[in-house]
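**Q** The structure under discussion is supplied below as structure tokens; questions concerning it will follow.
The values are calculated or read from the model by the stated rules, or taken from the named source; none is laboratory data. These numbers come from a predicted model, not from an experiment. Cβ placement follows ideal geometry from the backbone for every residue including glycine, while neighbour counts extend to all protein chains displayed.
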Amino acid sequence: MNNSKLVLLFIFSLLLIACKSTNSPKAVTETFLVSVARLDMHTAKNYSTRQTWSFLKVLEKETKDLTDEQKEAYMNNFKVKIIGEKKVNDTMYTVDFTTTPELFPFTQLNLVAEKNLEGNIRWKIDFNSFEYMQSDSTIHEIMAPGEEPDEQVMVDSSLSQ
């Protein structure tokens, strides 16, 4: 009888350890990055603040001309590695990450705590579009290297003359 209780306790503790919170700053960051790489902006919005949504709209516009082959080639090799996280205060974390291939020209995201309707805390990516605009790379350059979206427009407009 004692052995069976011990076995049950052991199994229960294994289950608790194996369960990974989907609302941890690390898990939210990973889900957000994978969603953006898949161009699944609906899911990315669920894991981000309203301030971040304008950034996602810009990404959506920049990637609308990518072919399905370009998107698939990018996703086939896509990997996220969370390097670390730092608690700034009770309502803010920073998470350092790398992606292969590169997704963004930066490797750190801020997360803020937001309460949902039930009063539970949910971690959300809080990104300022201004930070992205200061970088040298665009998402199109990263996902479709060697091809400039403006070059295609220039070629098409010269054909019509």
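**Q** Taking the options Thr99, Thr94, name whichever one is among the polar types (S, T, N, Q), modelled with pLDDT of 55 or more, surrounded by 15 or more Cβ atoms within 10 Å (Cβ to Cβ) and touching a helix residue (DSSP H, G or I) at 6+ places or on another chain (Cβ under 8 Å).
**A** Thr99
**Q** Going by the structure shown, is Lys61 basic (Lys, Arg), modelled with pLDDT under 95 and not in a strand (DSSP E or B)?
**A** Answer is yes for this residue.
**Q** Where the second residue is among the acidic types (Asp, Glu) and the first is assigned to a strand (DSSP E or B) and lies in the range 74-85, which pairs have Cβ atoms under 7 Å and are six or more apart or on separate chains?
**A** Final answer for the pair search is Val80/Glu30; Ile82/Glu30; Ile83/Asp96; Gly84/Asp96.
**Q** Does any residue in the range 102-120 that is part of a loop (DSSP other than H, G, I, E, B) come within less than 9 Å, Cβ to Cβ, of a residue that is of a type in the set (Gly, Ala, Ser) and buried (at least 18 other Cβ atoms within 10 Å of the Cβ) six or more places away or on a different chain, and which pairs are these?
**A** From residues that are part of a loop (DSSP other than H, G, I, E, B), the pairs are Leu103/Ala37.
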